[in-house]
Amino acid sequence: MSGGAARYDLPEADDFTRPYWDAAAEGRLLLRRCGDCGRAHHYPREFCPYCWAGEDRVTWETASGRATLYTWSVIHRNDLPPFGTRVPYTAAVVDLAEGPRMMTEVVSCEAADLLIGMPLTVTFREAADGVWVAVFRPDQGQSSSRTQEPSASASASSARR
């Protein structure tokens, strides 16, 4: 990245994870599922972390996008770019409907309204040109969507709301 501050929130996509990031750009969350033990896992790995089945037994599948809130923390200060322009934000761990637990961010919800076990649904935010990341919002019976990364001024104004 030339001319800008270093980014600490962007993934390093490789040949193995490319399907995950391509699906995110299309508004789909992918998981890996083992053909031997049947369990899904996230983050993507080339083998099953439960039964150690190899890459030939683990495949990609589209997740439902549904999750429940396991825990969260509201971040009020983060000096690493671009997080400082987004504070406060809600870092969270969610339990996906398919079983895996995932680190993410909860958006479109005031911290005071968060509840352990609340239903969430995936949405996608463009973190950089063509790089979309999964975040979650309260489930209101809607399908997944994609949103633009908020600008610093938009983040500041939404943080005041």
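Under the condition of being free of Cβ contacts under 8 Å to residues at least 60 places away in the same chain and more than 24 Å from Ala6 (Cα to Cα), the residues counted in region 84-101 number 5. Restricting attention to region 47-85, the residues that are closer than 24 Å to Tyr8 by Cα and of a type outside the set (Val, Ile, Thr) total 11.
Taking residues in region 18-30 that are in contact (Cβ under 8 Å) with a residue 40 or more places away in the chain and closer than 20 Å to Ala97 by Cα, and partners anywhere that are outside any helix (DSSP H, G or I) and of a type in the set (S, T, N, Q), the pairs with Cβ atoms closer than 8 Å and at least 6 places apart or on different chains are Gly27/Ser144; Gly27/Ser145; Arg28/Thr62; Arg28/Ser144; Leu29/Thr62; Leu29/Ser144.
So is Arg45 open to solvent by less than 60 Å² (accessible area, probe 1.4 Å), of a type in the set (D, E, K, R) and in contact with a helix residue (DSSP H, G or I) (Cβ under 8 Å, 6 or more places away or on another chain) or not? Taking the combined requirement at face value, the residue does not satisfy it.
The values are calculated or read from the model by the stated rules, or taken from the named source; none is laboratory data. It should be emphasised that the depicted structure is a prediction, and the values quoted were computed from it without experimental measurement. No Cβ is skipped: glycine too gets one built from the backbone with ideal geometry, and neighbour counts run over all protein chains shown. The area values use the complete protein model at the heavy-atom level, side chains included, leaving out ligands, DNA and RNA. Shrake-Rupley method; radii C 1.70, N 1.55, O 1.52, S 1.80 Å.
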